[in-house]
Amino acid sequence: MVFHIGSQSAQVINNAAGDQHNEFTTGTDPTVILSCLRDALTEADLTPGVAAEARAHVSRVEADLSAPQPNRSGIATHLHGLTQLLLSAGAVITAATPLGAPIAALAHWVGGAGESIRVLFPD
């Protein structure tokens, strides 16, 4: 069997035993990724209370991100809280959904502290 795979763009592409796994990315600029997250929250079907709390988490991420030395640990903490909030509200979050993709990309950007966020995503 022959596969012709054209151009691909992803932060991580793993190909093994015929399965291919791609991770969405909008680039490595966390401010662009955060903007995508804001857009996804606007489009998400959330109750007004959950939406307000989610925006508060995103604002805290933005504050930590705008520091001269971004506080990656703080960003991870706020992303973790946001992810738990969204999951408890019944939002579908995987690395391939509009809400999950930017959360996963930011979790990757923060590094090791982001692992606590990625494990919350359902398989």
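Count of region 65-74 residues, restricted to those that are open to solvent by 40 Å² or more (accessible area, probe 1.4 Å) and in a loop (DSSP other than H, G, I, E, B), is 5.
I'm checking my understanding of the structure. Among residues of region 75-120 that are part of a loop (DSSP other than H, G, I, E, B) and open to solvent by less than 30 Å² (accessible area, probe 1.4 Å), which one is modelled with the lowest pLDDT? Filtering region 75-120 for residues that are part of a loop (DSSP other than H, G, I, E, B) and open to solvent by less than 30 Å² (accessible area, probe 1.4 Å), the one modelled with the lowest pLDDT comes out as Ile93. The single condition among (1) assigned to a loop (DSSP other than H, G, I, E, B); (2) β-branched (Val, Ile, Thr); (3) at pLDDT 90 or above that Thr28 does not meet is (3).
Output yes when any residue across region 53-61 is touching a Leu at 6+ places or on another chain (Cβ under 8 Å), surrounded by 12 or more Cβ atoms within 10 Å (Cβ to Cβ) and either over 21 Å from Ala113 (Cβ atoms) or at pLDDT below 95 (or both), and no when none is. Taking every residue of region 53-61 in turn, at least one turns out to be touching a Leu at 6+ places or on another chain (Cβ under 8 Å), surrounded by 12 or more Cβ atoms within 10 Å (Cβ to Cβ) and either over 21 Å from Ala113 (Cβ atoms) or at pLDDT below 95 (or both).
Of all the residues in region 36-51, those that are within 12 Å of the chain's Cα centre (by Cα) and open to solvent by 40 Å² or more (accessible area, probe 1.4 Å) number 2.
The values are calculated or read from the model by the stated rules, or taken from the named source; none is laboratory data. Keep in mind the model is a prediction, meaning the values are calculated, not measured. Ideal geometry is used to build each Cβ from the backbone, glycine not excepted, and the neighbour counts take in all protein chains shown. Heavy atoms of the whole protein, side chains included, go into the accessibility calculation; ligands, DNA and RNA do not. Shrake-Rupley method; radii C 1.70, N 1.55, O 1.52, S 1.80 Å.
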